Amino acid sequence: MLAGIAERSSAIEECYEFMLAYAAQGLPSDAGSPSGGRLRDFLGRAVESLGGLAESCATAVSDAGFERPERYRAFFSVLDRDARDSLAAIEMVLAQPAISSQLIDNLNASIHLRALLTDLFLVAEVFKTQRSFAQQATAETSARAADEPPRPTV
């Protein structure tokens, strides 16, 4: 589950990075340029990645057995809202017959997209921290078990 979330996050982040480069090109349209064709591909992958993102994160928290999962619910509501808002903006851009560098520059500046990226960075760090603590706890448990004398069986 965490790998799937990482893949979704990567697709969204890669799209944003590509859009930064596209915006700097000063193109009047995506038609006729190699990067223009790629732009729609990146945006399409971002759209696919946004659907159900918050639900996937909530499931990962539950499946991983995080302590006090209720503390994550409110944030996942924020993530869901930011994902839906970003999705609406990206889909509006994709509906255009021509996507200029200026249009992408405005999408990049969208507070919705920036909030989503920040949400994803926060979630990634939380999952990384949880995974690190889980690995540490497993190692400590294994070390204690190795130090215990064998228990008699009855």
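Points to keep in mind about this one:
Residues checked against (1) in contact with a helix residue (DSSP H, G or I) (Cβ under 7 Å, 6 or more places away or on another chain); (2) among the small types (Gly, Ala, Ser); (3) on the phi < 0 side of the Ramachandran plot:
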{"residue": "26", "(1), (2), (3)": "yes, yes, no"}
{"residue": "39", "(1), (2), (3)": "yes, no, yes"}
{"residue": "44", "(1), (2), (3)": "no, yes, yes"}
{"residue": "47", "(1), (2), (3)": "yes, no, yes"}
{"residue": "74", "(1), (2), (3)": "no, yes, yes"}
{"residue": "82", "(1), (2), (3)": "yes, no, yes"}
{"residue": "92", "(1), (2), (3)": "no, no, yes"}
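- Of all residues making up the range 78-120, the number that are surrounded by 17 or more Cβ atoms within 10 Å (Cβ to Cβ), under 14 Å from the mean Cα position of the chain (by Cα) and among the β-branched types (Val, Ile, Thr): 0
- Every residue from the range 71-105 that is under 23 Å from residue 24 (Cβ atoms) and touching a residue at least 12 places away in the same chain (Cβ under 8 Å): 86, 89, 90, 93, 94, 98, 99, 100, 101, 102, 104, 105
- Counted as qualifying within the range 34-132 are the helices (runs of 4 or more DSSP H) with 2 or more residues that are of a type in the set (Lys, Arg) and over 15 Å from residue 15 (Cβ atoms), namely 70-94.
- Residue in the range 36-50 that is closer than 16 Å to residue 124 by Cα and at pLDDT 95 or above present: yes
- Scanning the range 1-15 for residues that are touching a helix residue (DSSP H, G or I) at 6+ places or on another chain (Cβ under 6 Å) and over 11 Å from residue 45 (Cβ atoms) gives 1, 2, 5, 9.
- Condition check for residue 12: crowded, with 20+ Cβ neighbours inside 10 Å, assigned to a helix (DSSP H, G or I) and under 13 Å from the mean Cα position of the chain (by Cα): yes
- For the range 54-66, the condition of being within 21 Å of residue 106 (Cβ to Cβ), surrounded by 13 or more Cβ atoms within 10 Å (Cβ to Cβ) and either more than 19 Å from the chain's Cα centre (by Cα) or of a type in the set (Phe, Trp, Tyr) (or both) holds for none of the residues.
- Of all residues in the range 27-51, those satisfying the criterion of being within 28 Å of residue 130 (Cα to Cα) and either among the aliphatic types (A, V, I, L, M) or surrounded by 14 or more Cβ atoms within 10 Å (Cβ to Cβ) (or both) are 45, 46, 47, 49, 50.
The values are calculated or read from the model by the stated rules, or taken from the named source; none is laboratory data. Given the structure is predicted, the values throughout are model-derived calculations rather than measurements. Here the Cβ is made from the backbone with ideal geometry for all residues, glycine too, and neighbour counts use every protein chain on show.
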